[in-house]
Structure formats: structure tokens, C-alpha cells
Amino acid sequence: MSAPRINWGWWAMTGVLGALMVFTLFPFYWALVSSFTPDAALFRDPSLWPREIILDHYRALFDERDFFTPIRNSLIVAGTTTLFCLTVGTLAAYALARLEFRGKAAIMAFILAVTMFPQISIVSPLYLLLRSLRLIDTYPGLIMPYMTFAMPLTVWVLTGSIRQIPRDLEEAAHVDGATRRQSFTRILLPLAVPSLATTGILTFIYCWNEFLFALSFTLGPERQTVPVAIALFRGQYQVPWGQILAAAVIATAPVAAMVLLFQRRIVQGLTAGAVKG
Amino acid sequence: MARIALEHVEKVYPNGYVAARDLSLDVADGELLVLVGPSGSGKSTILRLMAGLEPVTGGVIRIGERDVTDLPPQQRDIAMVFQNYALYPHMTVRENLGFGLTIRKQPVVVVDQRVRTVAASLGLDALLDRKPAQLSGGQRQRVALGRAIVREPLAFLFDEPLSNLDAQLRVETRVELSRLHRKLGATMVYVTHDQSEALTLGDRIAVLNEGVLQQIATPMQLYHQPANKFVAGFIGSPAMNFLEGVIRREGPSNVRTFRGIDLALDVPLDREAPGRVFLGVRPQHLEVVGETATGDGTLRGEVGVVEPMGNEQIVYVTLSGGDRLVAVAPPQQQVAPGDTVAIRVRLEGAHIFDAETGARL
């Protein structure tokens, strides 16, 4: 008979994961709790547990301020950018992964090089460019710069994942009678859905959170996105922390919801069993 | 159904690698032709050329009477079974089977009926709503086969379809394929590197090496009248033994001596003695006899390894000259590693190959 052994490995793992979770989730928890706490209580005796829950901050966001507009702006800008990125990115990735043409490696390197520029270094030239195109304070004025920054990620991730889809599947489809376009839409695209979802979410999050361009290329509340709007909450003499945190919670919600929604899709190994098992 | 003809087909890759050189062969209507060769012999490439998955760099391919050389795969009306099955993972078995018909805009009723018929004949009825990931290897193989049959194509191409199955299933499926071929009366081209698979399945077999067709013949012809040393060594198990030596005329009659003293051959030669040759003898034509035996056609050596196979023993012998031979002995014979034995060559089953060209003399 042996004494029941303690599984140290399991406990260590659980401990580390738990600590990591507290570390990453605490700020969000703190923001959530604070957004329901009256401003006065926030500074007098901050507490880990909400003592009284009020919805004042949330009400103020939509009654006193027009928080709908920045949300709408962010949705339009981030959504459109994501859509364009996925469309163009998928086609580019297909070509890079499947077709033979000269200078493929150079193109891949060039696409990556675009991301090397620090954003701040191109704000001024971009501003001048957008101004001469009369695109300052417009949606396209944000969508186009976002695309240049988000596209490399899309193209690289999608190229990698398309390369992993066995070529045999498309060849089988060709022999079965499918044209190149049909084998792309009927075979390749469905199999690429998990990586499309992943890149789509990443692109959306990037655009949703982007601050510098959004601040520089918009002029007034009409076209401001959520991060810019929140940053401009603070007045000269006071910082409305309650409202800021309530806005932050609202801004985080759609992103968190999306990740949770697509998580299964992302993790699911859709290609499992495609070829020999 | 249709015949397939390759006329002087050539496939050279941009990097200079030659996968097929001046290749001409004809697959008769309803014939099962096996393409066999070691890896790198170009057999799979030739299949892909027939399918249209790769363009030829020279020559003409015909399916039926149609020149399909420049047609893409989807217009050639052939079906292909891939080595790894290439089932569409996001579709059910039903959708996999029907894909070729659906994409050709066949009416739903027709597709459904054909899928059902084929599924029933392959024992897939119960699996129609499963995804490939939920199937066993053998079941996937049958779906891949079914997907080809459903379309009723002009010809079937098989790219080593059995290589991912375990040994027992492979033999069963081989028999099933043979039966299927007879039932459908379809033109089939079958690629394999396994010579026993080739011999059992093929109406005719094309042996390839380094992109060059070595011989195309029936299994029996390949085995008994190999065109050259490569074919002789590739077909048959265990492989044929080769002894290198010099042949020369000795005496007034047509007696020729191999290596001067070792073997007296009474083999008619078409031309004058060519000098260096290989003597090819199948293990089945070597007899392990007692140490004391003497006489024409007897070699001496030491037994290295004995593999008991049940119905026979495979004996590996190292000759005194250093050559290695493989012989087949009856199961009851007493042979053990380390024994010194004499080997009698039954010359009626021997072949002589030109040492330079490899051609059979």
C-alpha cells in the first residue's frame, strides 16, 4: 500500500495559472467595480468589493455625453477595416501560398517591412497626405491608414495557414471537376475559417484600440473613436474616473464577447482528419 | 470508359530534374495498368500528368480520342484516388461522395440517388452523415474510392491508395479493387512502389526507373522474360541474385564458361561473347545442397542468416569469392548460420545481362 501521493505538478500548474489569471484579470475587475461606485467613494475608501452599486456613470455616458457616436464611429472604422483586410488579405495570401511567381519572397519581406515603421514617425506625413486628399476627419481617413498597418498581419497569418491546408484537397477538387475559383470558395475558404476568424478578431481589436491615428486624423466628436473620446473625458480641473471606467468597460465588452464567441471556432482543429489519421 | 495514350511525353522541371523522358505508353480501354518503380522513378508524376495536375513539357496525352494535353484537370473527366485520400474535411461523407456531381450541376435527385447506390455497394450507408475525421483509415479509403466511382469517369487514376492501410486491410482492399475493376470494366492506372501489389493487380505492368520506361508487359512476362537487369531485380521477391563475371567461348560447341571455372553455361547467345556480364538467378532457382556436392553449376559459401517463412526458408549465403546470394530452401531442410554449403544453380531459370547496358542477352 502506498500513501496517496500529492500531485505537486498539478498544484504548481494550478497555482501559476491562478496567479496569472488574477494578474491579468484584476485591472478589468477593478475597472468594473469602480464603474459602479460613486466618485466620492472611489477616493474616500476604495474597496475591493462593491459596497453600493449605482448606474450613474453609465447613465451619464449616454445622457450627459453622447457616447453613442464614438461607439458607432469605432464600429464603422474597425468593422470596415477588418472586412477589407480579410478580403484583400485572403486573396493575397492565396496567391502567396499557392501560386508560383517571381519575387514572392521579396513581396513577403516588403509586406512585413511596412510594420517596421514606428507609427509616430509617419503621423505627420500621413496627416499632410490625408489633408491634401481631403480625408481628415472622415472614415476613409482612418480606415486606409489602419489597413496599411493591419494588412501585414492578415497576410502573414493567412499565408501560413493556407500553406498548412493540404494541396491534395484542391487537386482532388480539380480532378472532381472544380475550377480554380470553385476549389477556392468550396474547399479552401471553409477550411481557412478558423484562421480567418482569428485574424479578423486581431485586426478588429487593433483598430478598436488604436489611439494615435484616431486622435491625429479626427477633429471633433463627430468622427472620434472610443479611445479618443474616453481620453478627452478629462476636463481641466477634474478627471471623471467613474465615467472613464464605465466607458472602458463598455469598450472592452464587444471585444471580449467576440473572443468568447469565436473561441471554439479558433481552437477547433477543423482540418483534423483531412488526410491520413 | 476510354483508352489513355501517352505519346513521347516529357516532363522536365525548371530545376532540370527529369521526371519523364520520351515516354510512350498505351492503356487499353478497360485495362488496369500498374505503374511501378522505386521512389523517384517518376511514376506518381506520370499519373499527375495524366490527371492534368502538372503540365507536360513535351509530347501528347490522349484520353479516349481527345487530345487533353492542354486541358485542365476539371475538363479531362477522370477520377483520382490520392495516397492520403484527400477527403474534404468540412463535408460529410455524403457531400464528399456527391461533390464531383454537385460541382457539375447535376440535379439534386440524381446526385442523391447515385451517392446512395455507390455508398451501398461500398458498405458506407451508415456513415453518410459522418465527417472524415470520424472515420477509420479503411473507411476513409472506401469514401475516396466511392468519390471516384460516383462520377462514372472515363478512367480512374490511383496514387498508391493502399500505402496508408495496415497489412491485412491492404490485402483485403487489393482483392476488392481487383473485383471492382472487373465489375466496372473501367480503365484504371494504378501507381505503386510495391512489386507484389503490381503483380497481383495489373493486367499489364509498366516498370519505370528514373523517368524512363523499362518494360511494359504482363506480370508473367515481366517475371520470366525481364527486358533488362533493372526489371529483373525489381520484380520478384526475394530479389534476383546477380553475379558479375566474364563469359567466354570454350570448346568447339556452344558451351560458354562463366568466370572460367565456376559455371559451365550452355546458354545460346545471339551475338559473340560480349565480355563482362551479369548472371541473374532468382532465389527459387538456387538449390542449397550438401557441402560435398560437386559438378557443373555449383558454388560454395557460408550461410549468414536463415529466415524461416513457414512454407520456405530464405537463406543468405556469402560465397568464397565475397559475392552474396539469396536462396530459397524447402522448410524441412536443415540449414543453420555458419554452415558451409554448396549451392547449385539451376541454369534453366537463369538470365544473362550485358554488364554495360543491362539488357538481357
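Observations on the structure shown:
- Within segment B:1-32, the set of residues being out of contact with any helix residue (DSSP H, G or I) (no Cβ under 8 Å at 6 or more places or on another chain) and surrounded by 23 or more Cβ atoms within 10 Å (Cβ to Cβ) comprises B:VAL27 only.
- Scanning segment A:220-232 for residues that are outside any helix (DSSP H, G or I) and crowded, with 17+ Cβ neighbours inside 10 Å yields A:ARG223, A:GLN224, A:THR225.
- Residue check for A:PHE213: in a helix (DSSP H, G or I) and at pLDDT below 85: no
- Selection status of B:GLY321, surrounded by 18 or more Cβ atoms within 10 Å (Cβ to Cβ), more than 18 Å from B:GLY236 (Cβ to Cβ) and not aliphatic (A, V, I, L, M): no
- The residues on offer are A:TYR139, A:TYR127, and the sole one that is over 19 Å from the mean Cα position of the chain (by Cα) and surrounded by fewer than 20 Cβ atoms within 10 Å (Cβ to Cβ) is A:TYR127.
- Hits in segment B:1-42 - residues which are outside any strand (DSSP E or B), among the polar types (S, T, N, Q) and touching a residue at least 12 places away in the same chain (Cβ under 8 Å): B:SER39, B:SER41
- Taken over segment A:110-139, residues that are of a type in the set (A, V, I, L, M) and modelled with pLDDT of 90 or more amount to 8.
- Among the residues listed as A:ALA192, A:ALA172, the single one being without any contact (Cβ under 8 Å) to a residue 24 or more places away in the chain, part of a helix (DSSP H, G or I) and either over 21 Å from the mean Cα position of the chain (by Cα) or within 12 Å of chain B (Cβ to nearest Cβ) (or both): A:ALA172
- Filter pass, A:ILE6 being loosely packed, with under 15 Cβ neighbours inside 10 Å, among the β-branched types (Val, Ile, Thr) and outside any helix (DSSP H, G or I): yes
Here's the yes/no breakdown for (1) surrounded by 19 or more Cβ atoms within 10 Å (Cβ to Cβ); (2) out of contact with any Leu (no Cβ under 8 Å at 6 or more places or on another chain); (3) of a type outside the set (Ser, Thr, Tyr); (4) under 30 Å from B:LEU101 (Cβ atoms):
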{"site": "A:MET147", "(1), (2), (3), (4)": "yes, yes, yes, no"}
{"site": "A:VAL155", "(1), (2), (3), (4)": "yes, no, yes, no"}
{"site": "A:LEU169", "(1), (2), (3), (4)": "yes, no, yes, yes"}
{"site": "A:ASP176", "(1), (2), (3), (4)": "yes, yes, yes, yes"}
{"site": "A:GLN182", "(1), (2), (3), (4)": "no, yes, yes, yes"}
{"site": "A:THR185", "(1), (2), (3), (4)": "no, yes, no, yes"}
{"site": "A:THR199", "(1), (2), (3), (4)": "yes, no, no, no"}
{"site": "A:LEU215", "(1), (2), (3), (4)": "no, yes, yes, no"}
{"site": "A:THR218", "(1), (2), (3), (4)": "yes, no, no, no"}
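- Top-ranked residue of segment B:178-196 - restricted to ones that are in contact (Cβ under 8 Å) with a residue 12 or more places away in the chain and surrounded by fewer than 22 Cβ atoms within 10 Å (Cβ to Cβ), ranked as nearest to B:ALA20 (Cα to Cα): B:HIS193
The values are calculated or read from the model by the stated rules, or taken from the named source; none is laboratory data. These numbers were taken from a predicted model, which means no experiment stands behind them. Note that we place each Cβ from the backbone using ideal geometry, even for glycine, and neighbour counts take in every protein chain shown.
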